[in-house]
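The values are calculated or read from the model by the stated rules, or taken from the named source; none is laboratory data. The shown structure was predicted, so the numbers you read here are calculated from the model rather than taken from an experiment. Reconstructed Cβ throughout: ideal geometry from the backbone, glycine too, with neighbour counts over all protein chains shown.
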Amino acid sequence: MHYFRKFVVAGLAAGLGFAAIPAQASDDPVAVRQSLMASMGAAAGLAGGMMKGEIAYSPAAGKSAIATARAVSLSFGDYFPAGSDQGNTGAAPSIWENADGFAAELAKFTDATAKATEASGKDGPADVEAFKAAMGPIFGTCKSCHETYRKKN
Ligand code: HEC
């Protein structure tokens, strides 16, 4: 009995600890947007590997990469409040100096992911050629935005 209680209490504490992580992260927009881009980078690694034939293609993996890009494109723009240009960030000052230009890059990103999501369908692109056609335009938006809105180095 005593052991069981301890186990439950430890489980509760672990649960609370877990719940506190998102609360902390949302207080730090730089950490949130960097983790979104890190998941985008991971999905791009998987996608690029399949496009080059280094990783075996599967529709489920293709769908997963596209779904990640879709979610990132819809949420990334929400984490650039005034003042978050300071500190350990790769975000260039041009984001705040040219907010319309940055919004236009975000729009290219969301347009590309919307089309890819549609092409992806319920089961993911059927073969690697279909995946390349869907994913290629999303890759085009990485460079286009990073060129102007991400710090070099
Ligand atoms: C609309 C602009 C925009 C688009 C589109 C975009 N990025 Fe980014 N990306 C950024 C900015 C800004 C940062 C720096 C964020 C920061 O450090 O606060 C960044 C950072 C990153 C990082 C570093 C994340 C980290 O751990 O700090 C990776 C990896 C990345 N992007 C990959 C990609 C890939 C791959 C794509 C395309 C599929 C892409 N990005 C599309 C703007 C963009």
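Which count do you get for residues in the stretch 41-66 that are away from the ligand (no atom under 12 Å from the Cβ) and either in a helix (DSSP H, G or I) or closer than 21 Å to Glu147 by Cα (or both)?
9
Only residues that are near the ligand (Cβ under 10 Å from one of its atoms) and basic (Lys, Arg) were counted across the stretch 102-139, and they come to 1.
State yes or no: is Ser120 buried (at least 17 other Cβ atoms within 10 Å of the Cβ) and either in contact with a helix residue (DSSP H, G or I) (Cβ under 9 Å, 6 or more places away or on another chain) or small (Gly, Ala, Ser) (or both)? Break it down stepwise before answering.
Values: buried (at least 17 other Cβ atoms within 10 Å of the Cβ): yes; either in contact with a helix residue (DSSP H, G or I) (Cβ under 9 Å, 6 or more places away or on another chain) or small (Gly, Ala, Ser) (or both): yes.
For Ser120, the condition - buried (at least 17 other Cβ atoms within 10 Å of the Cβ) and either in contact with a helix residue (DSSP H, G or I) (Cβ under 9 Å, 6 or more places away or on another chain) or small (Gly, Ala, Ser) (or both) - is met.
Within the stretch 131-153, how many residues are of a type in the set (A, V, I, L, M, F, W, C) and without any contact (Cβ under 8 Å) to a residue 60 or more places away in the chain? Full working, then the answer.
As a first pass, look at the stretch 131-153 and keep what is of a type in the set (A, V, I, L, M, F, W, C): 131, 133-135, 138-139, 142, 145.
When the remaining residues are screened for being without any contact (Cβ under 8 Å) to a residue 60 or more places away in the chain, the result is 133, 145.
So the answer is 2.
Of the residues Gly49, Gly62, Gly53, Gly45, the single one that is surrounded by fewer than 10 Cβ atoms within 10 Å (Cβ to Cβ) and modelled with pLDDT of 95 or more is Gly53. Checked against the criterion of being within 12 Å of the ligand (Cβ to nearest atom), assigned to a helix (DSSP H, G or I), closer than 27 Å to Asn98 by Cα and touching a residue at least 60 places away in the same chain (Cβ under 8 Å), the candidates Ala69, Ala38 yield just one match: Ala69. Cβ-Cβ contacts under 6 Å between residues 6 or more apart (or on different chains), taken from a first residue in the stretch 100-117 that is surrounded by 14 or more Cβ atoms within 10 Å (Cβ to Cβ) to a second residue that is among the hydroxyl-bearing types (Ser, Thr, Tyr) and assigned to a helix (DSSP H, G or I), are listed as Phe102/Tyr149; Lys108/Thr141; Phe109/Ser73; Phe109/Thr141; Thr110/Ser73; Ala112/Thr141; Thr113/Ser73.
Against the condition among the hydrophobic types (A, V, I, L, M, F, W, C) and under 19 Å from Val30 (Cβ atoms), how does Phe131 come out, does it pass? When the stated conditions are applied, Phe131 does not pass them. For the stretch 21-30, the criterion of being modelled with pLDDT of 55 or more, within 13 Å of the ligand (Cβ to nearest atom) and part of a helix (DSSP H, G or I) is met by at least one residue.
Tell me whether the stretch 140-153 contains one or more residues that are under 19 Å from Ile55 (Cα atoms) and within 12 Å of the ligand (Cβ to nearest atom). Give the derivation first.
We begin by selecting, within the stretch 140-153, every residue under 19 Å from Ile55 (Cα atoms); these are none.
No: the stretch 140-153 contains no residue that is under 19 Å from Ile55 (Cα atoms) and within 12 Å of the ligand (Cβ to nearest atom).
Checking each residue in the stretch 72-89 for being closer than 13 Å to Val32 by Cα and in a loop (DSSP other than H, G, I, E, B) picks out Tyr79, Phe80, Pro81, Ser84, Asn88, Thr89.
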